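For reference, the structure is listed below as structure tokens.
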Amino acid sequence: MRKTLIATGLVLLLVGRCLGQATWPQFRGPNGQGVSALAAPPTAFGPSINLVWSAAVPPGHSSPVVVGNRIFLTAFQAGKLLTIALDRITGKLLWQRPAPAKLIEKVHAFASPASPTPLADVNRVIVYFGSFGLLCYDHDGKELWAKPLPTPKSTYGTSSSPIRAGVTAVIVLDSNDKASKLLAVNVADGSTVWEANRPLSAAGWATPMLWDHDGKSEIVVPGARRLISYDSGSGKDLWWMDGFPPEVISVPVAGDGLLFVSASGLAGPPAERFESMTWQDMVKLDRNGDGKIQKAEVPEDFKFTLRPELPPDNPGRYLPFPFRLMFDSVEGNRDGELTEQEFTGFVKQWGSRAAPSLKAIRPGGRGDATKSHLAWMMQKGIPEIPSPLYYRGRIYMVRDGGFVACVKAATGQLLFQERIGAQGAYCASPVAARDRIFVASHNGVVVCIDAAGEQLKVLARNDLNERIWATPALGDGTIYVRTEKHLYAFSGGK
């Protein structure tokens, strides 16, 4: 019996390693942390270097997930929301299924109705579309259950992805109509296990994270102005931390006994000092030369430049609505004329709400933990969309312009903040394996960084010549990169 148990244990260990090497089950992989303990992807790759296969895929911003010999992702094409399955070995399309959505939600030009990433296990894949709700398929594409849900009211569109917590799939449904909630459904049949109302939360875009520590399991949910932690079994709120901006996107990460949560400033200014349009930019609209801007002088398609570091053709450079819609609120005394004093006052007020931060939080909070459980905080180098990465005692953050910041997780000491030689916007979050960190720019350059030292060392810049929104996935010796039109599998092995 003892020999049988040992033999069985060894078999399970080997099977576990094989499954672990090929498993990237949700957004940013195991528990959303962006780290693979077993993967060994190549440093250099491209259309002619270490390419295993490439597959044409419809547009979408969701990241690929990998379980066994299946890769799952979602897409939006010809007005249809699609769930797609590919063969992991060959990249061959196995099946695709449309979601029965009656009306497609409106999204920002920089977003997609297919932004949330699937959640998969060895038996099923669960997808969430803001335009429909939750759908579950088996690995052969048979629908197991469907759970229609109201579309959250959002300025930019939905993007939060489902996560696994025990026998439940958990999704954040934050909305601008005061109907925000956290929902947990049984993965077997889609039935509601529990839900937690979030009446103080407006629309958000962050994916929650399961924080296991000290024998407890919490679901940590970043939201508008407040981070809240819930009991994973019941949905009961445990503690909260205030001091976050109204728009939060990134996934929390954990390590060194701490929880790390980053958030950019209001509408995404990525730097520690708020910079946007100046009066010199606005006065160019002054056609009559009186030193003021009348509403009629503002073109109907003119938008407020929020991120001047991004190129003009990038929709994220501007606020998502015409300046005329905000003219009356910017022009303070309602006399129909915008002066330099009124404009600079508006910019200053906006900047005061644009305080980015990375916060390190100690476990064990109860109730208001805003001050009691804050270990340290920094406000430099905070990204807008990409989530932070905890890897081997350090926090890595990448932001627009190709800046990477590296911080000691235990203390918050900044080790470096430098450019990595790939400019432009950044949507994908960094991932790590085998002392390597992979950072994908929106322009299509995947930079590989050495994670062994305390100084920046770029090992490779891999240009795929297509835009990238999705975070790469890691499995066995392979890195899977979704571009605007393709899914690539790169491997340095045979």
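Under 10 Å from the Cβ of Gly60, count the other residues' Cβ atoms, weight Lys and Arg +1, Asp and Glu -1, and hand me the total. If you can, show how the numbers build up before the last one.
Working: positive: Arg482; negative: Glu484.
My count for the surroundings of Gly60 gives 0.
Could you work out how far apart the two model spin labels at Glu418 and Gln341 are, taking each label as a point 7 Å from the Cα in the direction of the beta carbon, and quote it in nm?
4.8
Within the set Lys80/Lys106; Lys106/Lys147; Lys236/Lys408; Lys178/Lys371, which residue pairs have Cα atoms separated by over 23 Å?
On the way: Lys80/Lys106 14 Å; Lys106/Lys147 21 Å; Lys236/Lys408 33 Å; Lys178/Lys371 27 Å.
Long pairs (Cα-Cα over 23 Å): Lys236/Lys408; Lys178/Lys371.
If I fit a long axis through the Cα atoms of helix 2-21 and take the longest principal axis of the Cα atoms of the chain, what angle between them do I get, 0 to 90°, rounded to 10?
Once rounded, one gets 30 degrees.
At a temperature of 20 °C and a viscosity of 1.002 mPa s, determine how fast the chain diffuses translationally according to Stokes-Einstein, using the Kirkwood radius over alpha-carbon pairs as Rh; express D in µm²/s, rounded to the nearest whole number. All intermediate terms of the calculation are to be shown ahead of the outcome.
Working: Rh = 23.4 Å.
Roughly 92 µm²/s, to the nearest whole number.
In nm, to one decimal, how far is the modelled label at Asp281 from the one at Arg461, with both set 7 Å along Cα→Cβ?
In this crude spin-label approximation the distance works out to 2.6 nm.
If each residue of separation counts as 0.36 nm, what is the full-extension length gain between Ser234 and Leu325 once their alpha-carbon separation is subtracted?
On the way: separation 91, 0.36 × 91 = 32.76 nm, distance 4.30 nm.
Full extension from Ser234 to Leu325 adds 28.5 nm.
Pairs of Cα atoms under 8 Å, at least six residues apart: use those to get the relative contact order of the chain, whole percent.
On the way: 1332 pairs, mean separation 77.4, N = 494.
With pairs under 8 Å counted, the relative contact order is 16 percent.
Helix 340-352 versus the longest principal axis of the chain: what is the Cα-based angle in degrees, 0 to 90, to the nearest 10?
20
Per-residue counts of other Cβ atoms within 10 Å, averaged by peptide: what ranking do you get for 414-421, 438-445, 383-390, highest first? Present the calculation step by step, with values, prior to reporting the outcome.
Details: 414-421: 14.2, 438-445: 23.5, 383-390: 25.5.
Highest mean packing first, the order is 383-390, 438-445, 414-421.
If I take R0 = 51 Å and measure r between the Cβ atoms of His486 and Phe302 in this structure, what FRET efficiency does the formula 1/(1 + (r/R0)^6) give, to the nearest 0.05?
On the way: r = 36 Å, r/R0 = 0.70.
Rounded to the nearest 0.05, the efficiency is 0.90.
Within the set of other residues whose C-beta is less than 12 Å from the C-beta of Ala188, count the net charge using Lys and Arg as +1 and Asp and Glu as -1.
That works out to -2.
Computed from the coordinates by the stated procedures, all read-outs in this text should not be read as laboratory data. No experiment lies behind these values; they were computed from the predicted model shown. Quick reminder, even Gly has a Cβ in these numbers, built from the backbone with ideal geometry, and neighbours come from all protein chains shown.
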